[in-house]
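*Asks:* Just passing along the structure, written as structure tokens.
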Amino acid sequence: MSLEASGGADLTPGPFPSGKGSHGGDRPPLLLTADWVLPITEPPIRDGAVLIVGERIRAVGPRRSIETPSNTVHRHYDGAAMLPGLVNLHTHLEYTNFGPLSERQPFWEWIPALIRRSHQAPADFWPASANAGVRQLVAAGTTCVGDIVTFGPGLAAARTHNLAGISYIEAVGMRERVRLDEQLAELTTKLDRSVRLAAGAQRLRVGLGPHTIYTLSTVALERLGDLAQARKLPLTIHLAETVEEVEFSRSGQGSLAEGLATKGGHDLIEAGGCGTGPALLADRCGLFEGLSLRRPAVVAHGVHFDDEEIARLAARGVTVALCPRSNAMLGCGEAPIQRLVEQDVRLGLGTDSLASNESLDLFAEAAAAYALWQRQAGASFDPRAADRVLRWLTIEGAQALGLEQELGSITVGKYADLAVVALPHPGDTDIAKQLCTGVRASAVRCTVVAGAIAHSVTA
Ligand SMILES: [Zn+2]
């Protein structure tokens, strides 16, 4: 199947509509005030306010400086900080009701358990599970997501709840050359259908999600790289999650190769590996070619990169979605956060699915990443690390998805995506440190999605 012959809808993600405030116009203006407002791209504002008109931020600043229309609804949050809605870079919303499959289960026992559960799930499981996932995200202050869609309902759920982000249509199980054309044709049909479904969703784009270097042959990865480039699709892939994956990439050997050899094989086994780690292999297959704001790439996990891979990811502008709690639960190891930071790799945070995490709580993920980074850096730990982790959760997460012009900071004209969080120590002025170490999703008192209050808890 040639890409040209695949026909169907134009998969090029369109720009967000420019009609600012064109939706939510029937709502009165909303003024939210809190002890602190953290725009992220500007210094924190004590006793700050954000004025929302329609879907967008109309004004931000000290409370007394904001002029409001007479019909404005005002909500004040005492002892709280307001920050941009969080960006979760790696989820599988469809797996929400699976989890966790087991506490601390080794990765290579977890994968078959996940597949078994997937085969047993009735059709109505997936929409209910994906919708439950979106609700949990929003309750945790998250408004933007990089979500991998395996069965379909993940995209509909994100769209229904007006999440921003990218729904990556997953490509998996393409290892046999004889079936590749047929499988790519099926994938293209799925992509076309997804683009049609996402067409009316102003804040959601469709991307491509090649699963891993071992569930896809290198030939399949090359074809998927071509597809992503030809159709300008944002891309994500799980990469360097386990030591077995790295061994397989380098030598085509090890326990992973032995397992695959009994299930149809893999061209890396025949080739004796590619001699490099998985990030260089993915790059050689074209997955990171021609990246841009419109076609960003995110790799999930990134636990076992060598220095050459880290340098290549930095040079390509690929974002690593750190998933420290999932890695811990499945015994995969710890991502080299300090080395990634030192080499200027773009970073963000992801919870992964509830099949390998205890919650979709990005504040808990931030605390795990902060602790890991602190331990790895030792005496050279940057005292501004909490500010950086907050950026991963917000503006840098948005950049990873190519959406920083629309969200990720509290900036006039951007979507009014906000999270209001109760502070454990309101008198302590190190707000970033509190948010990165001392709060959990249960502290979220309000989440605003495109100007609408989507989650609210009274104190
Ligand atoms: Zn994943």
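*Asks:* Computed over the Cα atoms of the stretch 86-400, what is the ratio Rg over Rh, Rh following Kirkwood? Write out the running numbers ahead of the final one.
*Replies:* Working: Rg = 18.1 Å, Rh = 19.3 Å.
Rounded to two decimals, Rg/Rh equals 0.93.
*Asks:* If you take every DSSP beta bridge whose two residues both sit in the chain, what share of them, in percent to the nearest 5, is antiparallel? Don't jump to the answer; show the numbers that get you there.
*Replies:* Values: 27 of 65 bridges.
Antiparallel bridges make up about 40 percent of those DSSP assigns within the chain.
*Asks:* Principal axis extents for the stretch 193-281, Cα atoms only, whole Å, descending order, please.
*Replies:* The Cα atoms of the stretch 193-281 stretch 46, 23, 21 Å along their principal axes.
*Asks:* Another question about this same structure. In the full protein assembly as shown, how much of Glu176 is accessible to a 1.4 Å probe, in Å² to the nearest 10?
*Replies:* Here the accessible area works out near 80 Å².
*Asks:* Please enumerate, by chain and number, the aspartates and glutamates with C-alpha under 13 Å from the C-alpha of Lys433, excluding those fewer than 8 residues away in the same chain.
*Replies:* In chain and number order, the partners are Asp382, Asp387.
*Asks:* Also, quick follow-up: Could you work out the local net charge near Gly61, counting Lys and Arg as +1, Asp and Glu as -1, over the other residues with Cβ closer than 13 Å to its Cβ?
*Replies:* Numbers: positive: Arg46, Arg58, Arg63, Arg64; negative: Glu42, Asp47, Glu67.
That sum, taken over residues with Cβ under 13 Å, equals +1.
*Asks:* Heavy-atom accessible area of Asp181 with all protein chains present, probe 1.4 Å, nearest 10 Å²?
*Replies:* For Asp181, solvent-accessible area is about 70 Å².
*Asks:* Check every DSSP H run in the chain and write down those whose alpha carbon atoms cover 15 angstrom or more along the long axis and whose mean Kyte-Doolittle hydropathy is -0.5 or greater. Write out the running numbers ahead of the final one.
*Replies:* Numbers: long enough: 107-120 (20 Å, -0.43); 125-139 (21 Å, 0.47); 180-198 (26 Å, -0.31); 218-230 (18 Å, 0.38); 362-377 (22 Å, 0.36).
Both cut-offs are met by 107-120, 125-139, 180-198, 218-230, 362-377.
*Asks:* Using a Cα-Cα cut-off of under 13 Å, which aspartates and glutamates could be cross-linked to Lys232, ignoring same-chain neighbours fewer than 8 residues away?
*Replies:* Asp10, Glu289
*Asks:* May I ask you to derive the FRET efficiency for Arg193 and Glu270 from their Cβ-Cβ distance with R0 = 45 Å, giving the value to the nearest 0.05? All intermediate terms of the calculation are to be shown ahead of the outcome.
*Replies:* Values: r = 34 Å, r/R0 = 0.76.
With a Förster radius of 45 Å, E is 0.85.
*Asks:* Further question: What accessible area per residue, rounded to a whole number of Å², is obtained for the stretch 86-400 using a probe radius of 1.4 Å? Could you put the intermediate results ahead of the total?
*Replies:* Numbers: 10900 Å² over 315 residues.
Roughly 35 Å² per residue, with all protein chains present.
*Asks:* What order do Asp352, Asp226 take when sorted by accessible area (1.4 Å probe), most exposed first? Before the final figure, lay out the partial values.
*Replies:* On the way: Asp352 5, Asp226 80 Å².
Output order, biggest surface exposure first: Asp226, Asp352.
*Asks:* Can you give the helix-only mean residue ellipticity at 222 nm for the chain, where every DSSP H stretch with n ≥ 4 adds -39500 (n - 2.57) and the sum goes over all residues, rounded to the nearest 500 deg cm²/dmol?
*Replies:* On the way: 16 runs with 157 residues, N = 459.
Rounded to the nearest 500, the figure is -10000 deg cm²/dmol.
The values are calculated or read from the model by the stated rules, or taken from the named source; none is laboratory data. Small disclaimer: the values here were computed from a predicted structure and weren't measured. Glycine also receives a Cβ, built like all others from the backbone with ideal geometry; neighbour counts cover every protein chain displayed. Quick note on the areas: whole protein, heavy atoms, side chains included, nothing else; ligands and nucleic acids left out. Shrake-Rupley method; radii C 1.70, N 1.55, O 1.52, S 1.80 Å.
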